[in-house]
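These notes concern the structure reproduced below.
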Amino acid sequence: MNETATLRARAEIDLAALRANVRELRARASGAQLMAVVKSDAYGHGALPCARAAQEAGAAWLGTATPQEALALREAGVGGRMMCWLWTPGGPWREAIEADIDVSVSGMWALDEVGAAAAEAGIPARVQLKADTGLGRGGCQPADWPELVSAARAAEEAGLLRVTGLWSHFACADEPGHPSIAAQLNVFRDMVAYAEKEGVRPEVRHIANSPATLTVPESHFDLVRTGIAMYGISPSPELGTPADFGLRPVMTLAASVALVKRVPPGHGISYGHHYTTSSETTLALVPVGYADGIPRHASGRGPVLVGGAVRTIAGRVAMDQFVVDLGGDTLEAGAEAVLFGPGDRGEPGAEDWAQAADTIAYEIVTRIGVRVPRVHLHEDSGRD
């Protein structure tokens with residue numbers, strides 16, 4: 001902590017906690033491999049150190065959304081099985097093929113492009129066919145599945161690719177008992193059975209995301225994809241707290257108080273004067289704002305541990321700063337303000353901020369901006 005005390009703000013990333021979370025999730029999905037999803041800079045935690053830590057804890061696969069994210073990991077020397085799934089026409093297919101990255105295909109245009117790139121590279125592509133089992137985003141509709149499977153098999157016979165996976169994604173796995181969960185599982189089983197009947201021999205079949213990994217064991221198949229749970233955040237408060245699942249939050253967001261001052265009663269605070277002091281009081285200026293990822297929607301509601309107590313933001317969150325009313329308490333400039341963390345010192349969690357901003361904890365950690373340095377703790381796995 002001392003070596004980072006002079007920073008304006010910092011996001012401390014506990015890689016020992018991340019490794020422990022991966023091990024816990026692997027135990028909960030016994031019999032299936034685990035894919036550590038490190039898209040969006042590992043949900044704001046830092047893709048490269050988190051990818052390495054996850055592999056050290058036994059993650060057999062890494063997953064990214066974009067090919068650029070996957071290629072950056074390869075360029076940094078990260079090996080092992082890796083998959084990316086968010087492609088647009090003209091994407092860097094050949095680069096991904098040459099980097100030994102599994103690519104996701106949802107439709108004929110993508111299959112055509114990856115086949116052409118494989119022919120140019122002279123290397124068979126590793127392709128995972130995605131089925132739309134009911135989410136309605138990416139993936140091939142059941143009605144179009146026979147055409148896609150047939151074309152993929154033909155490309156396999158021609159030596160252009162290998163179908164390494166069959167996969168899909170849940171719409172409502174974070175709502176226990178939602179009827180779509182069983183319905184999607186049934187559709188997925190049918191689509192997998194059809195592909196295998198047509199000669200596809202996948203290495204992995206997978207549909208389980210973080211909430212399904214935790215609560216739908218029949219969805220585990222050969223591989224589970226854990227994103228938010230790996231970072232110690234519950235995928236849904238209704239499912240339980242992180243502690244309920246044996247998980248520990250990985251990110252702690254803190255800042256150094258920039259100014260402390262006394263103000264008289266009736267003093268307006270921040271833009272619009274949505275907060276006015278009721279009596280003479282002490283204010284603390286916390287130098288982070290919505291440019292750093294602090295949600296403006298949490299104005300007047302966001303919780304902060306400062307001066308030994310959890311307090312609420314006074315007035316609007318500005319681009320670079322917000323204010324906390326300390327009441328009669330005193331504080332020195334440079335004191336630590338903890339916005340969220342694992343709760344060891346009574347600080348709020350990311351879920352508390354999600355509730356204050358009417359959003360989900362995924363967004364809270366992912367939106368923390370590049371002005372906030374990530375300080376990675378316990379990078380040496382031997383110190384876990």
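The values are calculated or read from the model by the stated rules, or taken from the named source; none is laboratory data. These numbers were taken from a predicted model, which means no experiment stands behind them. Don't worry about glycine lacking a Cβ; one is built from the backbone with ideal geometry, like all the others, and counts go over all protein chains shown. Keep in mind that these areas ignore ligands, DNA and RNA; they rest on the heavy atoms of the full protein, side chains included. Shrake-Rupley method; radii C 1.70, N 1.55, O 1.52, S 1.80 Å.
Computed values, structure above
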{"read-out": "Packing-based ranking, highest mean first, of 271-279, 338-346 given that Cβ atoms within 10 Å are counted", "value": "338-346, 271-279"}
{"read-out": "Sequence-separation-based contact order of the stretch 1-148, relative, with Cα cut under 8 Å and 6+ spacing, percent", "value": "14"}
{"read-out": "Whole-percent carbon and sulfur share, accessible surface of the stretch 251-377, 1.4 Å", "value": "52"}
{"read-out": "Two-site FRET efficiency, Ala99 against Arg201, from Cβ-Cβ distance with R₀ of 41 Å, rounded to 0.05", "value": "0.95"}
{"read-out": "Rounded tilt (10° steps) of 47-56 against the dominant C-alpha axis of the chain", "value": "70"}
{"read-out": "Distance between the stretch 33-51 and the stretch 82-130 - C-alpha centres, whole angstrom", "value": "21"}
{"read-out": "Antiparallel bridges, percent of DSSP beta bridges restricted to the chain (to nearest 5)", "value": "50"}
{"read-out": "Degrees, to the nearest 10: 108-121 long Cα axis against longest axis of the chain", "value": "80"}
{"read-out": "Debye, to nearest 20: dipole size of the chain, +1 on Lys, Arg Cβ, -1 on Asp, Glu Cβ", "value": "380"}
{"read-out": "Segments 257-264, 323-330 sorted - mean Cβ within 10 Å per residue, highest first", "value": "323-330, 257-264"}
{"read-out": "Rg followed by Dmax, in Å, when the chain is reduced to its Cα trace", "value": "23.6, 80"}
{"read-out": "Per-peptide average of other Cβ atoms within 10 Å, ordering 33-46, 217-230 highest first", "value": "33-46, 217-230"}
{"read-out": "Å² per residue, accessible surface of the stretch 31-230 at 1.4 Å", "value": "37"}
{"read-out": "Amide H within-cut-off set for Gly327, under 5 Å, with H built and near neighbours excluded", "value": "Thr282"}
{"read-out": "Karplus (6.51, -1.76, 1.60) ³J(HN,Hα), θ = phi - 60°, over the stretch 338-346, in Hz, Gly and Pro reported as x", "value": "9, 7, 7, x, x, x, 4, 9, x"}
{"read-out": "Rounded, prolate or oblate (a/c below 1.5 giving rounded, otherwise prolate when a/b exceeds b/c) for the stretch 271-384 by Cα gyration tensor", "value": "prolate"}
{"read-out": "The stretch 87-235, relative contact order [Cα under 8 Å, separation at least 6], %", "value": "18"}
{"read-out": "For the chain, with +1 on Lys and Arg beta carbons and -1 on Asp and Glu, the positive-most of Pro249, Ile313, Leu148 along the dipole", "value": "Ile313"}
{"read-out": "Residues with amide H under 5 Å from that of Gln141, placed H, sequence gap 5 or more", "value": "Asp132"}
{"read-out": "Contour excess over end-to-end distance, with Cα ends at His267 and Asn186 and 0.36 nm allotted per residue", "value": "23.0 nm"}
{"read-out": "J(HN,Hα) series, the stretch 217-228, from Karplus relation 6.51 cos²θ - 1.76 cosθ + 1.60, nearest Hz, glycine and proline x", "value": "x, 5, 9, 6, 6, 9, 7, 10, 10, 10, x, 4"}
{"read-out": "Residue list for the stretch 312-355, given a label point 7 angstrom along the Cα-to-Cβ vector of Leu377 and an amide N cut-off under 16 Å", "value": "336-350"}
